[in-house]
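The values are calculated or read from the model by the stated rules, or taken from the named source; none is laboratory data. Owing to the predicted nature of the structure, the values given are computational and were not obtained by experimental measurement. Here the Cβ is made from the backbone with ideal geometry for all residues, glycine too, and neighbour counts use every protein chain on show. For the accessible areas, the whole protein counts, side chains as well, though only heavy atoms, and no ligand, DNA or RNA atoms are used. Shrake-Rupley method; radii C 1.70, N 1.55, O 1.52, S 1.80 Å.
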Amino acid sequence: MEVFGFSASVTKQQLVILNIIAIHICLVEMNFGAYLRVKPTILSHSLGWAVHLDSSFDTTVSIRQLCKEIGLIYSGQIGELKNHYLLQFNPSHSSSIYRDILIDWNATVKLDRKSKETFVSKKLHRRCIKDFILRSDNWLNVKNCDRTTEMIIQSIEKKLHKNSIVVWFSKQVPRQRIKRSLHFKDPQFKEQWHLQNNRQKNMDINVTGVWKLGIIGTGVTVAVVDDGVEWTNPDIFDNYNKEASWDLNDNDGDPMPNSNNNESNQHGTRCAGEIAAVANDVCGVGVAYGAKVSDGV
């Protein structure tokens, strides 16, 4: 059975589908994609938090006040996301955080404050803080300071949680670029011009750069509510999430489309394939070929 109708001509309906898929990928990777779109220079070897502030407050005043209270520095708006900003920890401008973690340490330490072990532990914290300041360009590589770093993160996030103007925040995780080949074994990949258009540049959904970063949809399940999914298809089977699927018509867990009318019951399968077709040696690949698909028919 033909699952993917790849051709040079695209109908209006197909364009709509491709746009929906592109939007989905954008939403799935918004956290990291937004991180990349920050225009100001991002500090190397740093901790950063994406922060969403309450729009009812004066933005300029709110950011300045928040950075001062928490001990972070403002690094700019995140892409075009209104009221979303990147705040970063700078070892040379965080005296309030150092003071707070030493206070928290004193309050939570369970050892005898006069014992040698307690003295050594406190001395280590002070040494780490001093080294962080002296080596601010590479402070995360200072040895034997993992506990101090952990306390810095806890102190910052504790303040973010308590702050009334913070709607949401997320600690940013650095991504390492991974060189990946785009020479898939799937025989129809070369015809998937919407993914990689080698004939007309910039006439695709610009997803290959995301793939090269190792972002392929891993850990994500996309629900396809349509006329069923032929989950036994070899280009879908390995990426099919059985536990998340349900046949609403027959009230069972098998959303296999009705075989009595093949022509009208292929749409759900095609959509599932365009989203998460497996990178193997069958047909083509999905826009998020590391994701899972489920179905509710």
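Selection of segment 60-104 for residues being in contact with a helix residue (DSSP H, G or I) (Cβ under 9 Å, 6 or more places away or on another chain), surrounded by fewer than 16 Cβ atoms within 10 Å (Cβ to Cβ), at pLDDT below 80 and under 19 Å from H161 (Cα atoms) yields S96, D104.
For segment 261-290, the candidate set comprises residues that are at pLDDT below 90 and surrounded by fewer than 18 Cβ atoms within 10 Å (Cβ to Cβ); within that set, the residue that is nearest to the chain's Cα centre (by Cα) is H267.
The set of residues in segment 214-223 being open to solvent by less than 20 Å² (accessible area, probe 1.4 Å) and under 19 Å from V282 (Cβ atoms) consists of G217 alone. Residue pairs whose Cβ atoms lie under 7 Å apart, sitting 6 or more positions apart in sequence or on different chains, and linking a residue in segment 195-218 that is closer than 14 Å to A276 by Cβ and assigned to a loop (DSSP other than H, G, I, E, B) to a partner that is open to solvent by less than 100 Å² (accessible area, probe 1.4 Å) and at pLDDT below 85, are V207/I25; I215/E29; I215/F32; G217/V28.
Applying the set (1) farther than 30 Å from N198 by Cα; (2) within 24 Å of the chain's Cα centre (by Cα); (3) at pLDDT below 85 to Q176 leaves exactly one unmet item: (1).
Scanning segment 235-256 for any residue that is open to solvent by less than 40 Å² (accessible area, probe 1.4 Å), acidic (D, E), out of contact with any His (no Cβ under 7 Å at 6 or more places or on another chain) and part of a loop (DSSP other than H, G, I, E, B) turns up at least one such residue.
On inspection, S164 qualifies as under 30 Å from H52 (Cα atoms), hydroxyl-bearing (S, T, Y) and open to solvent by 30 Å² or more (accessible area, probe 1.4 Å). What about N202, is it modelled with pLDDT under 90, open to solvent by less than 100 Å² (accessible area, probe 1.4 Å) and over 16 Å from the mean Cα position of the chain (by Cα)? No; evaluated as a whole, the condition is false for this residue. Scanning segment 142-159 for residues that are surrounded by fewer than 20 Cβ atoms within 10 Å (Cβ to Cβ) and under 11 Å from G71 (Cα atoms) returns a single hit, K159.
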